[in-house]
Amino acid sequence: MTTHPAFPEQLEDEDWIDWYLRSHAEISDNPPAAPAGFVLIPCTATPRHWPTYTLDDGDTGGDSAACGDCSYADLSSRHQTCNHDINHRAWRQWRAVSWVLGKLYSFGVVSSYGHQWGGGCNRCISGPIKWTLFRGPYVLFAQRETWRCWLAGHRRGVEVGFGYCGKCVPWPCCGSTTWDHADGCPDQTASSCERQDH
């Protein structure tokens, strides 16, 4: 495997990711000399961003060019709250609203809502709040699958797939209510043995 000449050699006990991170840090801290006809663009960040180069026009020495990552970080910090102010009302930031929506979700009144970070948001309520009375994944603080078991007259057993427990769909050959057949079941390798719903 050939590597970039500026990259350090990979150590024997070093995995690929550690070697790549070490190489990235080393080249960022000590950028290689600019190729002929190019100059290194100055970077003011600490630690330094990945080095970039620009054409040498002869009289500026690259001082007129700005580090793209530094420019983006500066613009992002200056405009961080712009979209937030336009799109989000103050109540979307309140922790009490988030707590109430969580309780309504568990109760079964709300089936979906979201949180958003970045762009001035710090865990703001985002997206549409979907109001669906008892049609979501929870009903009266219990999952819909748990209610199915309770209405069938048993406590929820071991999950066996697709939201069903082993008590809802036991093995027909041995009556096991777990994921596996019971010990000594003659049909445990037969492909014809399938779970049957009560």
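For first residues located in the range 19-43 and over 24 Å from residue 9 (Cβ atoms) and among the small types (Gly, Ala, Ser), partners that are surrounded by 13 or more Cβ atoms within 10 Å (Cβ to Cβ) and at pLDDT below 85 and lie 6+ apart or on another chain with Cβ distances below 9 Å form the pairs 36/56; 37/56.
Enumerate the strands (runs of 3 or more DSSP E) found wholly within the range 27-145, keeping only those where 1 or more residues are open to solvent by 40 Å² or more (accessible area, probe 1.4 Å), modelled with pLDDT under 80 and at negative phi. Spell out the reasoning first.
Numbers: elements: 38-40, 53-55, 110-118, 121-131.
Strands (runs of 3 or more DSSP E) meeting the threshold: 110-118, 121-131.
Listed residues 182, 152, 142; which is closer than 29 Å to residue 103 by Cβ and over 30 Å from the mean Cα position of the chain (by Cα)?
Numbers: 182 fails: closer than 29 Å to residue 103 by Cβ; 142 fails: over 30 Å from the mean Cα position of the chain (by Cα).
On inspection, the qualifying residue turns out to be 152.
The values are calculated or read from the model by the stated rules, or taken from the named source; none is laboratory data. Being a predicted model, the structure only gives us computed values, none of them experimental. Here Cβ is always computed from backbone atoms with ideal geometry, including for glycine, and neighbour counts include all displayed protein chains. Side chains are part of the model used for accessible areas, which takes the heavy atoms of the whole protein and leaves out ligands, DNA and RNA. Shrake-Rupley method; radii C 1.70, N 1.55, O 1.52, S 1.80 Å.
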